[in-house]
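Since the structure comes first, as structure tokens, the remarks are kept for the end.
Every number here is computed from the coordinates shown, using simple stated rules; none is lab data. Just so it is clear, the structure is predicted and the values come from calculations on it, not from any experiment. Cβ sites come from the backbone with ideal geometry, for glycine too, and all protein chains shown count toward neighbours.
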2 protein chains.
Amino acid sequence: MTKLDHKALAKSRKKPGRGRPKQSDEGVKARGRLLDAAESLFAERGFYGVTTRQVADAAGVDVALIYYHFENKSGLFDGVFERRARPLVSVRRDSLRAYVEGTGAVTVEGAVAAFINPMIDLSLHGDPGWKSYFALVAQIDNTPWGGEIIHRFFDDNVHELIDILQRAVPGSPKKELYWAYNFLAGSMMLALSGTERVDRLSEGLCRAKDLESARRRLLSYCAGGFVAMITAERLSGRA
Amino acid sequence: MTKLDHKALAKSRKKPGRGRPKQSDEGVKARGRLLDAAESLFAERGFYGVTTRQVADAAGVDVALIYYHFENKSGLFDGVFERRARPLVSVRRDSLRAYVEGTGAVTVEGAVAAFINPMIDLSLHGDPGWKSYFALVAQIDNTPWGGEIIHRFFDDNVHELIDILQRAVPGSPKKELYWAYNFLAGSMMLALSGTERVDRLSEGLCRAKDLESARRRLLSYCAGGFVAMITAERLSGRA
DNA sequence: GCTATTATTCAGCGATTGTTAAATTTGGCG
DNA sequence: CGCCAAATTTAACAATCGCTGAATAATAGC
């Protein structure tokens, strides 16, 4: 078979590529395409709002491939979640450690920045799938059943952040740190969700897609809120 | 038919209560039961994660009643959302106005309190359905398709809050106010979602159900964050 | 080039989905 | 008592759901 034959064949077949492609051809091939399609669809309508056939169609492959590669629909969801959770957790841990080792005295704002920046940078400059992924995480984070998977992957990062925060504000009770993180998480995920609530609310004055604006403000907001909350709890004699 | 006959009949029939009940028997009857059941189920698994039959079973009535009372599944969802949105918006508007009229100089913390307190009070002391309702709102607020209904009902309240905040911090740009509200909304909805993320994260140190703790901290956190953010934007010469 | 293995499609299964037309029961009213 | 309208149940419809066994095509290694 000449090169020409191969090309002509590839063009002529309607359902392209039955059979086995190269093994280590990650991303371009069916498994990666399924993950991409599922990621986007799950982010739009959630787990129950998407059918396996919709995912397969969007990926341009047959439904059965989902069950071959992921066992079932839940397995596909887990695959979507894990694919980006692992590198995110890794880069965020590096960011937090680099911050601690690269500075003399840690600050609240610095710690929060080291925690938030990896996500914002990925959303801004990573491949477009990251935006869908964060929208998906924002959704299931506000879901009763989503807790399991959220905690399994992300709790380590959070505890690392909290340890640093405690060094930034010595004597601050753990309890206050956890509450503060909870508030931070809510704000951050809404900012990363891509829902553009603020655009509509402000009639275009604020643009949710302008993540640089969001980053700067989220930083001073969370840091300021954190300090104010700890101070108030102290003054009230509760902490 | 004697009274006795009626009682005996009511006891003997397995599928209770075919036929027409009193008209203005709100809440106890099928329509209200359907709303209650749907509210709870939608809050747990979202719109797509619940089937009309599950709702009907939970309400103890036949599926067809959903379509009689609400036209279709979306109508049922709208019914669930609106039933509590209207009184909530009303009580929150009253709270905001009462605060403005009852105080000499408005403060950020006071305005935020007037906005948040009605929700926390309803969750704490209102009928249990309010908890499900807030969990539902928290979910769809982080959803792409949820924006429509959220804005339709709640934007008025938000604009009222923002007007007051602008009086509390004269000269603060609208843009900053909208960003601040966005952050506040994220934190607040996560706190009201009932997901108990903070419980597990803090290993029981914080209890999400302790809404009094959450209220106090949310207040100082949001007020402090708001002021810090505005200050930072001013100092950076951007505002 | 043969063969084993892997990736993919095909065709369909039983169960469940949202929805509806029609029958039936009930309460209110004259 | 009998009638009317409202509320509820019955019984089903076509479509779609998640999923699977078997056939088939492409590749890798020999």
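Things to note:
- Take each residue in A:223-235, count the other chain C-beta atoms within 10 Å of its C-beta, and the mean is 6.
- Cα gyration tensor shape for chain A, rounded if a/c is under 1.5, else prolate or oblate: prolate
- Computed [θ] at 222 nm, helices only, for the protein assembly as shown once each DSSP H run of length n ≥ 4 contributes -39500 (n - 2.57): -24000 deg cm²/dmol
- Considering only A:Met188, A:Met119, A:Met229, the mean-square fluctuation computed in a Gaussian network model of chain A, springs between alpha carbons under 10 angstrom, is largest for A:Met229.
- Loop-located chymotrypsin sites (Phe, Trp or Tyr not before Pro) in the range B:130-239 whose Cβ has at most 13 other Cβ within 10 Å (DSSP): B:Trp145
- Karplus 3J(HN,Hα) series, Hz, for the range B:197-204 with 6.51 cos²θ - 1.76 cosθ + 1.60 (x for Gly, Pro): 4, 5, 4, 5, 4, 8, 6, x
- Excluding exposed DSSP-loop GluC sites (Glu not before Pro) (at most 10 other C-beta within 10 Å), longest clean stretch of chain B: B:27-202
- Think of each Lys and Arg Cβ as +1 and each Asp and Glu Cβ as -1; about the Cα centre, that makes the dipole of the range A:84-128 roughly 220 debye.
- Of the trypsin sites (Lys or Arg not before Pro) in the range A:159-230, those whose Cβ has at most 14 other Cβ within 10 Å and which sit in DSSP loop: A:Arg207, A:Lys209
- Each Lys and Arg Cβ is given +1 and each Asp and Glu Cβ -1; about its Cα centre, the range B:175-239 then shows a dipole of about 120 debye.
- With Cα atoms, 0 to 90° folded angle of helix A:147-168 axis to chain A main axis: 40
- Cα-based helix-to-principal-axis angle, B:108-125 vs chain B, degrees rounded to 10: 20
- Cα-based shape type of the protein assembly as shown, given that a ≥ b ≥ c are square roots of the gyration tensor eigenvalues and the cut on a/c is 1.5: oblate
- Global geometry of the range B:45-164, whether rounded, prolate or oblate, following the gyration tensor of its Cα atoms and the 1.5 cut on a/c: prolate
- Extending 7 Å from Cα along the Cβ direction at A:Asp62 and again at B:Arg83 yields two label points whose distance is 4.7 nm.
- Of A:Lys131/B:Lys209; A:Lys73/A:Lys209; A:Lys209/B:Lys174; A:Lys175/B:Lys209, pairs whose Cα-Cα distance is over 25 Å: A:Lys131/B:Lys209; A:Lys73/A:Lys209
- Inter-copy label distances at B:Lys209, using a point 7 Å along Cα-to-Cβ, come to 4.4 nm with the shortest given first.
- Cα long-axis angle, helix A:73-102 against chain A (0 to 90 degrees, to the nearest 10): 40
- With its label point put 7 Å out from Cα toward Cβ, A:Ala98 sits 5.2 nm from the same residue's point in the other copies, in order from shortest.
- Distances in nm from A:Asp121 to the matching label points in the other copies, shortest first (labels 7 Å along Cα to Cβ): 4.7
- Counting only other chain Cβ atoms within 10 Å of each residue's Cβ, the peptide B:197-209 averages 5.
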